[in-house]
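First the structure, in the form of structure tokens, and then the observations on it.
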Amino acid sequence: MHAFDIVILGAGAAGLMCAIEAGKRGRRVVVVERSERAGKKILISGGGRCNFTNLHCRPEHFLSSNPHFAKSALARYTPADFIALVEKHRIPYHEKKLGQLFCDRSAQDVVTLLEDECAQAGVRIFTGTDVREVTRDTGFHIRTGELELSAPALVVATGGLSIPKMGATSFGYDLARQFGHSIRACRPGLVPLTFDAKDRQGYCDLAGVSVEVEARCGTASFRENMLITHRGLSGPAILQASSYWKEDAVVGAQPAALTGARPRALTIDLAPGREWTASLRDPHARRDSDAARAALRALLPQRLADRWLELHPPEDWTNRSLNRLDEELHNWQVTPAGTEGYEKAEVTVGGVDTGELSGKTMESRIV
């Protein structure tokens, strides 16, 4: 039996940061990771360049059933604190847009930073190690295939269900349930949305077309790029809106297929802040399909402009008809058939009920 002060399950960003801080305080720390290396998800984040923080990281930008939960943690450790750590390790970085900070070179720089800080803090990391059992009496006992570890404190940093091909499992939720925690229903977040049959037929052959939009879901609104895919919609605006979108899969105890319940629609403004029919309203302007196509191509990628007019033909060229065309462009109603699931999701919505955790320390209020 190997005795430590703290056993941390999971060598991702959260587990390694926790290990660094605990090690700095003189604790004997061990991190257990089932994958063959630490920080695997970090390596694919930000398109391989790791979007390691955001200058506008504030509580109101976090999704939680308890909107106050993130306040204390974000006050105690700010974006500036992590930026200082990045600069200490002389990692070049840049702001992409909307406060997003990325490495100039590679996400490997951030993984190396975390591993070096762990080494300096005396942290031990066991990779390729599966946890078989966790029990507790006066302390916690963790049994793997080859090791038995014990510690008075256990940190569960095993992540959510997103991207199973990178090793994501339900282990953390199962362990939380084992110790009496409640789990809020989980679903994919920051995930591409799929078209229904009609929209798939109308738009999926435009896969690869990207355009700046404003995507709205309920009261949430995001103005960034949208990407049409072979199955539906993706891109930053859609990924953000997806975390607010829910398919009303269950009404009472009956599946939606039995009750006729419909998923919530997204409203997409394809030309935010711009009116595409203005040039057609001039009394001396041509009002025909060619003129309309030219006007719309000035705002949208050519393929999308042509397809939009094909699927939304004007009844005539009166101002009333032009008003309707403009309205449709700014309020495209898309009712997704579903999402691309955890395979393509960047995060998991739901999980351990934050009402059972300390907002200051993340410590369980139950155990």
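The values are calculated or read from the model by the stated rules, or taken from the named source; none is laboratory data. None of these values were measured; they are calculated from a predicted model. Backbone-built Cβ (ideal geometry, glycine too); neighbour counts: all protein chains shown. For the accessible areas, the whole protein counts, side chains as well, though only heavy atoms, and no ligand, DNA or RNA atoms are used. Shrake-Rupley method; radii C 1.70, N 1.55, O 1.52, S 1.80 Å.
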Farthest towards the positive end of the dipole of the chain, among Val32, Pro59, Leu154 and with Cβ unit charges of +1 on Lys and Arg and -1 on Asp and Glu, lies the Cα of Leu154
Candidates for Kirkwood radius over Cα pairs in Å are (i) 23.5; (ii) 22.3; (iii) 21.4, and the calculated one carries label (i)
Quick tally, 1.4 Å probe accessible area for Arg307, Arg200, Arg105, sorted with the most first, runs Arg105, Arg200, Arg307
Contact order relative to length for segment 29-158, counting C-alpha pairs under 8 Å separated by 6 or more residues, stands in percent at 32
If each part is reduced to its alpha-carbon centroid, segment 81-156 and segment 187-213 end up apart, in Å, by 35
Out of Ile6, Ala75, Thr169 - ranked by how far each Cα lies towards the positive end of the dipole of the chain, with unit charges on the beta-carbon of charged residues - the top one is Ile6
Rounded to a whole %, the carbon-and-sulfur portion of the accessible area of the chain at a 1.4 Å probe is 50
Membrane-span-like helices (DSSP H runs, Cα span along own axis at least 15 Å, mean Kyte-Doolittle at least 0.5) in the chain -> 13-24
For Ser72 the rounded accessible area (nearest 10 Å², probe 1.4 Å, non-protein molecules ignored) is 30
On each of the three principal axes the extent of the alpha-carbon atoms of segment 12-59, given in whole Å and largest first, is 33, 30, 16
Counting only protein heavy atoms and rolling a 1.4 Å probe, one gets per residue an accessible area for the chain in Å² of 52
With +1 at each Lys and Arg Cβ and -1 at each Asp and Glu Cβ, the charge dipole magnitude of segment 51-95 around its Cα centre, to the nearest 20 debye, comes out at 140
Output ordering of 12-18, 27-33 (per-residue mean of other Cβ within 10 Å, highest first) is 27-33, 12-18
Among His141, His284, His56, the residue with the largest mean-square fluctuation in a Gaussian network model of the chain built from Cα contacts under 10 Å is His284
For the chain the mean separation of alpha carbon contacts under 8 Å (6+ apart) over residue count, i.e. relative contact order in percent, is 19
Answer in debye to the nearest 20: the dipole magnitude of the chain about its Cα centre, from +1 Lys/Arg and -1 Asp/Glu charges placed on Cβ, is 460
Partner lysines whose C-alpha sits under 29 Å from that of Lys96, ignoring same-chain residues fewer than 8 away, are Lys40, Lys41, Lys71, Lys88, Lys165, Lys344
Counting only DSSP beta bridges with both partners in the chain, the antiparallel fraction in percent, to the nearest 5, comes to 75
If each K or R counts +1 and each D or E counts -1, the residues other than Gly167 whose Cβ falls under 14 Å of its Cβ total +1
